[in-house]
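Structure, as structure tokens:
The values are calculated or read from the model by the stated rules, or taken from the named source; none is laboratory data. Predicted model, so just to flag it, every value in this text is computed and none were measured. Because the Cβ atoms are built from the backbone with ideal geometry, glycine has one as well, and the counts that use them run over all protein chains shown.
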Amino acid sequence: MVDRQIRKRGICDPHVLDAMLTIPREEFVPHESRVSSYQDEPLQIGYGQSISQPYMTALMAELLELTGAETVLDVGGGSGYHAAVLGQLAARVISIEIIPALARQAEQNLSRTGLGAHITVVCGDGSQGWPAAAPYQGISVAAAAPEIPEALLAQLGDPGRLVIPVGDRFDQELRVVVKSGGVTSERVATFCRFVPLRGDAGWR
Ligand code: SAH
């Protein structure tokens, strides 16, 4: 998976590659999908949601440019896999999931694999961020928003980087927002398709 789907497409941060190599993705997918764990596609995780394509998880993690000292907010916790990857790259991760059963599943997956040490899973509307642990030097959103939620921009630290898919329900651009020295800039990294962000600043 790492050689063919991730390294070849240009992901080169050694810490990201190492996390993708060592975290057992099969532990985060339903039992019947284990055989497909390392394929180049999103997988259903129940409740109409999916675990993102491995390449997308790697790309989003790389775009955050983490050094290991950061507090990161992971919006759309899902299976907990993306949080596990971020957990190896940052000091602390808050993973917020709006569907209670998935939040429980993420927590179970993280504790069963022993990867949850620096990760707190919370259940709530991540389109409003999670002010209790702000500011975040990194924010990663794994669901598509109509626009960048104000609350996330407000909770982004300086310096800080936010990665978020923005667009309509079927077609989005993956935007990277960088805050540095009081200046905020934005660029498009690629095009993508994520499940819709729900909640107050999502599609409701
Ligand atoms: N990162 C996950 C997959 C994300 S799928 C993984 O590695 O498995 C997107 C997730 O975002 C879904 O689980 C969905 O329930 C969740 N979600 C959607 N809107 C949300 C919101 N407003 N707040 C928190 N989670 C949300």
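For R198, are the conditions met, namely being away from the ligand (no atom under 15 Å from the Cβ) and of a type in the set (K, R)? It is false that R198 is away from the ligand (no atom under 15 Å from the Cβ) and of a type in the set (K, R). In the stretch 154-171, the count of residues that are free of Cβ contacts under 8 Å to residues at least 12 places away in the same chain and polar (S, T, N, Q) is zero.
When each of L89, L110, L73, L102 is tested for being in a loop (DSSP other than H, G, I, E, B) and modelled with pLDDT of 95 or more, the lone residue that passes is L89. Looking at E32, E27, just one residue is touching a residue at least 24 places away in the same chain (Cβ under 8 Å), in a helix (DSSP H, G or I) and closer than 17 Å to S79 by Cα, and that residue is E27. Report yes if S140 is crowded, with 21+ Cβ neighbours inside 10 Å, in contact (Cβ under 8 Å) with a residue 24 or more places away in the chain, part of a strand (DSSP E or B) and polar (S, T, N, Q), otherwise no. Yes, satisfied. Scanning the stretch 48-60 for residues that are in contact with a Gly (Cβ under 9 Å, 6 or more places away or on another chain) and either free of Cβ contacts under 8 Å to residues at least 12 places away in the same chain or not in a strand (DSSP E or B) (or both) yields S52, L59. Each residue in the stretch 155-204 was checked for being farther than 20 Å from E41 by Cα and of a type in the set (S, T, N, Q), and 4 pass.
Here's the yes/no breakdown for (1) assigned to a helix (DSSP H, G or I); (2) within 19 Å of A61 (Cβ to Cβ); (3) in contact with a Pro (Cβ under 8 Å, 6 or more places away or on another chain); (4) within 14 Å of the ligand (Cβ to nearest atom):
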| residue | (1), (2), (3), (4) |
| --- | --- |
| G114 | no, no, no, no |
| L153 | yes, no, no, no |
| G160 | no, yes, yes, no |
| V176 | no, yes, no, no |
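Among the basic types (K, R) and either over 13 Å from G77 (Cβ atoms) or crowded, with 16+ Cβ neighbours inside 10 Å (or both) - does that describe any residue in the stretch 104-114? Yes: one or more hits. Only residues that are over 14 Å from R193 (Cα atoms), among the hydroxyl-bearing types (S, T, Y) and either within 9 Å of the ligand (Cβ to nearest atom) or surrounded by 14 or more Cβ atoms within 10 Å (Cβ to Cβ) (or both) were counted in the stretch 39-71, giving 2. Take the conditions assigned to a strand (DSSP E or B) and over 15 Å from S140 (Cα atoms) and apply them to I45. Does it pass? Here the answer is yes, as I45 does meet what is asked.
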